[in-house]
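The values are calculated or read from the model by the stated rules, or taken from the named source; none is laboratory data. None of the values given here were measured: they were computed from a predicted structure. Here Cβ is always computed from backbone atoms with ideal geometry, including for glycine, and neighbour counts include all displayed protein chains. For the accessible areas, the whole protein counts, side chains as well, though only heavy atoms, and no ligand, DNA or RNA atoms are used. Shrake-Rupley method; radii C 1.70, N 1.55, O 1.52, S 1.80 Å.
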Amino acid sequence: MLKAGFRAGIASLLLSTAAVAQDDTIKVGILHSLSGTMAISETTLKDVMLMLIDEQNKKGGIDGKMLEAVVVDPASDWPLFAEKARELIEADDVDVVFGCWTSVSRKSVLPVFEELNSILFYPVQYEGEESQRNVFYTGAAPNQQAIPAVDYLMAEEGVERWVLAGTDYVYPRTTNKILEAYLIGKGVAPEDIMINYTPFGHSDWQTIVSEIKSFGSAGKKTAVVSTINGDANVPFYKELGNQGVSAEDIPVIAFSVGEEELAGLDTAPLVGHLAAWNYFMSVDTPENAEFIEKWKAFIGDPDRVTNDPMEAHYIGFNMWVKAVEKAGTTEADAVIDALPGIEVPNLTGGTSVMLPNHHITKPVLVGEIQDDGQFEVVWETDGLVEGDAWSDFLPESAVLVADWVELKCGNYNTETKTCGGATN
Amino acid sequence: MSFLRACLMALLLPLLAAPALAQTASFEDLVAALPEGSYSARGAVVGDIALTGDPRAEAILTALLDGTLGVIAATGQVVTLAPAPADALTGAPVAEAGVAEAKVEKIRVNNGLRRDIRAALGILTLSDPDPAKRLAAADAAFRAPDAAQYALLDAAFQREQDAAVKSRLAEARAVAILDGDFPDAEKRAAIDVIARRGDADAQRILTPFAASPDPDIAEAASAALASIERSRMLWGYAQNIWYGLSLGSVLLLAAIGLAITFGVMGVINMAHGELVMLGAYTTYAVQETIRQNAPGLFDWSLLIAAPLAFVVAGAVGVAIERGIVRHLYGRALETLLATWGVSLILQQAVRSIFGPNNREVGNPSWMSGSFDVGQMTVTWNRLWILLFALAVFAVLLFVMKRTPVGLQMRAVTQNRPMAASMGIRTNWVDALTFGLGAGIAGLAGVALSQIDNVSPNLGQTYIVDSFMVVVFGGAGNIWGTLAGAFSLGIVNKFLEPYAGAVLAKIIVLVAIILFIQKRPRGLFAVKGRAVEG
Amino acid sequence: MTTLIDRRMGIFLAGLFVLTVAIPVGNLAFEGKVVPSYIVSLLGKYLCYALLAVALDLVWGFCGILSLGHGAFFALGGYAMGMHLMREIGDRGVYANPNLPDFMVFLSWDELPWFWMGFGNFWFASLMVMLVPGALAFLFGWFAFRSRVTGVYLSIITQAMTYALQLAFFRNEMGFGGNNGLTDFKDVLGFPLQSDSTRAGLFVLTAVALAAGLLIARAITTSKLGMILVCIRDAESRTRFLGYRVEGFKLFIFVVSAMMAGVAGALYTPQVGIINPGEFSPANSIEVVIWVALGGRGTLVGAALGAILVALAKTLFTGWFPEFWLFALGGLFILVTLFLPTGVLGLIEGVAGSRGRRARRASAALEDGVTEEGAKA
């Protein structure tokens, strides 16, 4: 009697496994949270993937085979990410997965991709310090976002005093550590750097904003480098605006605030605050105009915006398509070998290349918030910057390099000339 | 205009004569240099443009600040873009054939440059007949100290009649003195002027002088800084209390509805946070409607939204009570299970209807910005929320204690069979009570939409805190909720500067756990038969 | 109700036994993998949840202590095991540091913090899996029960406890890996975690632990001690007036339950491959309560069943209708509460007929208890 429900459940699990035996389509897994705290950011990425797959099918798929999207909801629950990744690869038999947002969700699925030898495209800017054979990082590494941004503030705005404010998790921790080492290397005194961490979803910013104000009143030009995570930004900026901290006094440069986040915000008091990304919706190129038009048509809302992780998926998806065409198969090992060196146009007028360390080349743009919720580019790097998996500014990782083409290693120690760790 | 110009030129003459500031570049050359170079180089150009005193300078710099100054890429001709493209220097229209709009590039401006432009414009408007403009000009000069402007500021100061503008000019002049190469006596006098401000700006300006090689200046600056530090510390306490009250008002709003549904009725209402969220989304819907149909009413949006939010959340509350909770009276803990289900459904419903993204809820003008009380910044939105929370509390108290409906509510929750036998329609009162709690949660949503994200997760962020507040204050006692909310808020805010936001919260939680050991029924325990058999 | 293994327990254990044999055999013995590997770890995870649910049922169902913080004990057990697994990685981490786990290298820790000492030893870690949650439960219970904190007040402070722990474990300064938690495990006692046979072994171990947990819980609740616990649940003051030291009994059962939850967590970590502060979140602990209520409070077997059913529903719903699964799950909770007051087990046994009257009687007794509790609230 008790077993009945049990058995029914298992049977249906098995059934879903058996039902995917047909092989006439190429399956693309989409592993983004559609509920829970991260749904705010990740749902859009699921939609953009559906659009890209749709587009590709209109072009006739890949080598005549149609693409089929398999969507699951890992519900912002990190262990569930691992479970769903396993389900996608083992039960649904997908050929590639596009997914994850937070570092912890990526860390959670890493062993699964390694064990089952599949491919993950990860589209979000992250803390670096990782290069895994089965993962392709299409978001920015710290050297493609944080360091150029700080350079800009130092050179163009004469900033001498720094507040590094972030949410207490690994991305801000690492980024701030790298920045601290970098700034001290540039001659900034340690007392001119203030580091502050807040919990996820922090909503009462009164104390911290007033601390920032008083830190900024020490006679030197001060800027805030913000690695505050999505949800906490709205109350943070509201408090900044209300307490009268204008961008001309203390500019805030953010690494996690894009067009999507600003869409939930009255941007009038924020004009002039900055963000550093590899893509802005306002970038004026024909590719971008076409992408935006398609996106608005696909989603059926003329007010929807595009943002940086969406571009990362656009690049990643096109790279994967090219690699599959080059390899002539969707088989993981062949595609992984084919990917480094693949070049595709990005949306900012350049051509991004997949590097041997599984990161890509990207331009770095610094934009100022406008009152219409868009960014205006005030500065950009001359060319494209190569993503560096292992930061040169941290002593432990400065000696490491990742190269999956020549060295076949994600953490090769250039001093001991060995491939450390067990990352294959 | 010509008078102004003459005036300016007269003021500028001695400056131009000074060898250090000799100008060789013409106004035309300077304007032509605006589009190119690094931002800091262009900042210097902006300063030079102002110092030429050319009458066209103000218009050009204003256009640059507003982002309506462009350059024709091919020829390097600087043009104003609004209302129609015209040469910036001559004002001649350039909309002739060949100059398509696409070829005109907007000249990029960043924060640093914007600051320079404001300072430059400040110089140009120091003699404006409008005192408000002169005050703004003095302010701009104060914010961007430049010794080169000393002569101008001094002249303006001597000339000035308006007391407020004059004192501001004195400060602006003082920072210019401190910025440049002036005799020590003048510098010490300037330090005194600045020290009288006694605020963060004064601290910012004076700090570098505490380490001055000149012992007199260093001493004057250090003394001034020490006194500023003392007064700022005292104000710091006041500020912390204010922040605590403000945080407390948010907690109170989040918890007060729960004080009814959970505290008075004993229903563990896990969907409480979602009722708050419904209030916030009602505000969003009202604002969207207003934006599209009657933008003039925007400042009234919250006043319109409040009753609607009460009705929407209240109606959902009544539906929950009638549909689910009423079957579970006497099984209090099972209401937890059912209302948890309700909360999942409400979250997903909002996500399906409005999308998973944050929605923009704007602050009406009377809730934006801040004012200073001494050295303390009070933001309008926090102040209004505090007043709103207290008002809601007062109304609720009145309803519960002074109206027949409130009397019936209390009667039913204290002794249901007795109340029923006295002829009270207990079903009806139950629905009403739950609806009241839910409606108040909706009102809280209106207020919280002003300071937090409006997203499907809104409710989840407040649910744990709300239960904490009600239990800490003592379930069943509305005054307890008030005291609980404010004391938790203030304690949290006093801990935060020392312990950091995360640790402060942990300490507060541990303190609540320990406090409950001491007073197992909260701050204001309800006494009587209902409490324990 | 004095036999150790009554009918429902018998059926459940038999089912569990069949599963324990069939799943590993199906996974390992045949060439084509009749049971795919991911089902093995999925079911392993369900069984961990089931053990956690049994632990909660022990205190809530039989002693009336509604803990909204049992996820904390589960997570602490998981962390204890996770710390051992981190130590087992040794120098195979990405920085190849033999002494420090990767996240410590990366945040510039110079040496292993004192509280990580000893976790390199499996047996020490296994001991800690029970001792740490047990000690926390003892400390917490000793204060709370002595002060006679009861009903919802107790529930809310258990929630405060798990919430405070969640925030604490989020902090990177704590040395538990912050938000990312502990991950990237390689092997346990030399068996690689990514191999099918290790997974099958862990699955069997979890099933055995669940069976043992059920039997221990059953043994306690059918003993004289169990009778007193039920007395406390139904009329705490009366029991105290009869001369029993209520605090002691409550403390005992709370500690046993916490240890059981710790074991569940320890088995959970290697099977899902990650442990992080999310496990401490109040919402997770509430879910545990829901499992127990859904399965049937005070029935032990029902609690285990409830956990498995809800977890299964979540797995299936998130895959079938990723956009709408919360409607289904939320609706399920409401329907069960309204129409199945005795839980799924009550329904099954009610349908089974002959035993229906007895189940109803049991549930009526249960409701009486809850009624009094509700009035107290």
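Quick rundown of the values:
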quantity	calculated
Percentage relative contact order, the stretch A:59-163, counting C-alpha pairs under 8 Å, at least six apart	18 percent
Cα-Cα separations in the stretch B:154-306 greater than 29 Å, expressed as whole percent	54 percent
Karplus 3J(HN,Hα) series, Hz, for the stretch B:60-68 with 6.51 cos²θ - 1.76 cosθ + 1.60 (x for Gly, Pro)	5, 5, 4, 4, 5, 5, 7, x, 10
Compactness of the stretch A:143-223 - radius of gyration and Dmax, Cα, Å	12.8, 34
Spin-label pair residue C:173/residue B:182, simplified geometry with 7 Å Cα→Cβ offset, distance in nm	4.4 nm
Accessible area (Å², 1.4 Å probe, nearest 10) - residue A:303	130 Å²
Cα convex hull of the stretch C:1-123, projected area averaged across orientations, nm²	12.1 nm²
Debye equation applied to the C-alpha atoms of the stretch B:222-321, log10 I(q)/I(0) at 0.11, 0.16, 0.22, 0.23 Å⁻¹	-0.55, -0.81, -1.10, -1.14
Counting all C-alpha pairs of chain C, share separated by more than 25 Å (%)	56 percent
Evaluated over chain A, the Cα radius of gyration and Dmax, each in Å	22.0, 77
Amide proton proximity set for residue A:358, modelled H, under 5 Å, gap of 5+	A:404
Cysteines in chain A that, by Cβ-Cβ distance, have no pairing candidate under 4.7 Å	A:100
Inverse mean reciprocal Cα-Cα distance (Kirkwood Rh) of the stretch A:350-394, Å	12.4 Å
Kyte-Doolittle mean at least 0.5, axial Cα span of 18 Å or more - DSSP H helices of chain A	A:2-18
Relative contact order (%) - criterion: Cα under 8 Å, at least six apart; region: the stretch B:156-229	24 percent
log10 of Debye I(q)/I(0), alpha-carbon scatterers only, for the stretch C:226-338 at 0.14, 0.17 Å⁻¹	-0.77, -1.01
Long-range amide H partners of residue A:31 with built H, under 5 Å	A:98, A:99, A:100
Per-selection Kirkwood Rh - the stretch B:260-458 (Cα, Å, 1 d.p.)	18.0 Å
Förster radius 45 Å - calculated FRET efficiency between residue A:381 and residue B:518 (Cβ-Cβ, nearest 0.05)	0.15
Accessible surface of residue B:288 - all protein chains present, 1.4 Å probe, nearest 10 Å²	60 Å²
Descending semi-axes in Å of the stretch C:151-224, equivalent ellipsoid built from Cα gyration tensor	29, 28, 8
Alpha carbon convex hull of the stretch B:30-86, volume per residue in cubic angstrom	78 Å³
Inter-centroid distance (Cα atoms) of the stretch A:24-95 relative to the stretch C:3-32, Å	35 Å
Residue B:59 paired with residue B:292, simple spin-label distance in nm, labels 7 Å along Cα-to-beta-carbon	4.2 nm
Residues of the stretch B:421-441 with amide N under 20 Å of a point placed 7 Å along Cα→Cβ from residue B:405	B:423-441
Translational D in µm²/s for the stretch C:81-147 (Stokes-Einstein at 4 °C, 1.567 mPa s, Kirkwood Rh from C-alpha pairs)	96 µm²/s
Pairwise FRET efficiency - residue A:66 versus residue A:303, Cβ, R0 = 25 Å, nearest 0.05	0.20
Mean separation of Cα contacts under 8 Å, 6 or more apart, over the residue count of chain C: relative contact order %	31 percent
Chain B: angle of helix B:380-402 to the longest principal axis, Cα-based, in degrees nearest 10	20 degrees
A:217, B:352, ranked by accessible area, largest first (probe 1.4 Å)	B:352, A:217
Cβ neighbours within 10 Å from other chains - mean over C:144-151	4
Per-selection Kirkwood Rh - the stretch B:194-235 (Cα, Å, 1 d.p.)	10.0 Å
Ranked packing of B:383-394, C:80-91, most packed first, by mean Cβ within 10 Å	C:80-91, B:383-394
Net charge of Cβ neighbours under 9 Å - reference residue B:427; Lys, Arg +1; Asp, Glu -1	+2
Amide H contacts under 5 Å for residue B:370, placed H, 5+ residues apart	B:380
For the protein assembly as shown, alpha-carbon Rg and Dmax in angstrom	33.4, 112
Net length gained if the chain between residue C:34 and residue C:196 were fully extended (0.36 nm per residue, minus Cα distance)	57.0 nm
Karplus 3J(HN,Hα) series, Hz, for the stretch C:306-321 with 6.51 cos²θ - 1.76 cosθ + 1.60 (x for Gly, Pro)	x, 4, 5, 5, 5, 4, 5, 4, 5, 4, 5, 5, 5, x, 6, 10
Pair-distance profile P(r), taking every C-alpha pair of the stretch A:172-313, with 5 angstrom steps and integer %	2, 8, 16, 20, 18, 14, 10, 6, 4, 1, 0
Share of alpha-carbon pairs per 5 Å distance bin for the stretch A:16-173, given as whole %	2, 8, 16, 18, 18, 14, 9, 6, 5, 3, 1, 1, 0
Interatomic Cα distance distribution for chain B, bins of 20 angstrom, percent	18, 35, 29, 16, 2, 0
